[in-house]
Amino acid sequence: MNVRPFWRHIPVAFGIVLLLVLLARGTSVQAQAGALQWSRPIPVSGALGGSRFPSLVAQDDGTVFLFWSYSEDGDTTIFVSKYENAIWLRPVDVLIGGPRTLAYLDGRNLIHILLNQGKSLGLAVADTADATNVHGWSGESTISREGGGLFGDILPYADGKMDVVWEQAGANCKDCYSIAYQKLGVPGDPSLTYRVLSDIETTPQHRLQILRGTDNVLYVMWDTESKRDTHAGIALSVSADEGNQWLDDPRVITFADQDVREPLMFLDKANQLVLVFNYGNKDEVYYSVSADQGVTWTEPQAIPGLFSNLQAASTDNFAAAMDTNGITHLISSGRKSKPQIVPALYHVAWDGTAWTAPQEIYASELLPENPTLVIGNGNQLHVSFATRNRGDGEATTSQIWYTTAQTDAPAATRVPLPTFTPEPTRTPTAEPTQTPTPLPSPTPLTADNADSASDVSAINTQLPVLIGVVPVLAILVIVIVWFTAFRGRR
């Protein structure tokens, strides 16, 4: 029997081992393909050093509008910058008002902005085609009533209707506030939909939200201060009939041993209420879940690997939104370990039962705060946040930043509705408004920042898989060819 020397089989064995290694590498790359790849954060506000409270609007084609408030010498102006064709346009001031601004996009490509104008809380509207033009903003109306109003929240519908909640100041009481609700865009007198959800608030709250479940149940949440016999927590009012009737007494949720700080609430894919918060003086970021419309709640549990800021602040620390896979993405200002001193910005995701490990988005010597998150086309995450120098007061914020990532959720392009003529509505008398005065032109971004705009383009999450698969296929072809030639010589 003719036995070939063993060394002649070494190339075959080596090729097989190499193939297995590459296959294993390809499997590992595919397993990690779900990890988000964030673009390098870039400062959009440039030299506008008094910028705060960003708010985002994203279209399905990747166009983004980033709004924020800019304060100088006691005057607050709303700026906007547009991201289009892989570049950010120069910021322009379009409205007088602030400081807290909320922008939303409806089904007719109209941007609605809820903002303070003097003591009043107003609503301004512009088409996306004219949103970067001061003359494109029209339909300004006052939402709050006599006494003025503080910040609020909007729940828009595709057809242009919207639910609005806000803190209504008392007309004859300096420190009296109520939580007010109204439905806009409905035929008839909108004042008929006005409801007071709570009239016992004595200090301004830091968080006020309105949410809608898949069963069309409405929820309004706001934070409550500590009292003699209870810790700080949240209050929750519920409506099961599209806002016509609400709970006679809001549900007050507190926990026995610690204060709830900087709360954020969202509804997950199972229609559960999830409350995320910093918990008293504990290190971790906590969450609690309710499956019965806020009647009962699970005991607070820590989000694994995510820690709160060392210094408590009244600024918002969290933002959340759900993609078309039903995954809720949470953006958090915090820390990844107890020894970490300076907070950074992190991303975690909730699938209805568990959280992913924290992923760092931004870290520097600046303090990140007021994150905001919107999802475009069902799977494009758009994140903005503010930063301020360490040791500065809350009013001193340096810049507004932006970053983006692509998830593996399926796309869900909106179908714009036909345009319409809004129904005339009764508008309470508002304070005179001013025409925005152009401010000094911001200093252009450095070359490094300008070049980084190209990093904000959509990220292909399938690229790592291709990188792993192509070498495997190449090696496989080489091995097959080698075997064929070897057997032919036998």
Task: Listing of strands (runs of 3 or more DSSP E) fully contained in region 214-274 that carry 2 or more residues being under 25 Å from the mean Cα position of the chain (by Cα) - done: 218-224, 233-239, 260-267
Open item on the list: So the check is Cβ under 7 Å with 6+ separation or different chains; which pairs have a first residue in region 40-52 that's at positive phi and a second one that's in a loop (DSSP other than H, G, I, E, B) and among the polar types (S, T, N, Q)?
Closed with: G46/T443
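Got a sec? Which of A319, A312, A291 is modelled with pLDDT under 95, in the same structural domain as T254 (by TED's automatic domain parsing) and small (G, A, S)?
Only one candidate passes the filter, namely A312.
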- [ ] Answer yes or no as to whether Y83 is in contact with a Ser or Thr (Cβ under 9 Å, 6 or more places away or on another chain), under 20 Å from E369 (Cα atoms), in the same structural domain as T403 (by TED's automatic domain parsing) and not hydrophobic (A, V, I, L, M, F, W, C).
- [x] no
Task: Cβ pairs under 8 Å, 6+ apart, first in region 179-200 and surrounded by fewer than 17 Cβ atoms within 10 Å (Cβ to Cβ), second among the aromatic types (F, W, Y) - done: Y194/Y181; V196/Y181
TODO: Looking for whichever is hydrophobic (A, V, I, L, M, F, W, C), assigned by TED's automatic domain parsing to the domain that holds N370 and under 30 Å from A412 (Cβ atoms) here; the options are L247, L218. Which one fits?
DONE: L218
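The values are calculated or read from the model by the stated rules, or taken from the named source; none is laboratory data. Just so we're clear, the structure is a prediction, and the values are computed from it rather than from any experiment. Every residue, glycine among them, receives a Cβ derived from its backbone with ideal geometry; neighbour counts consider all protein chains shown.
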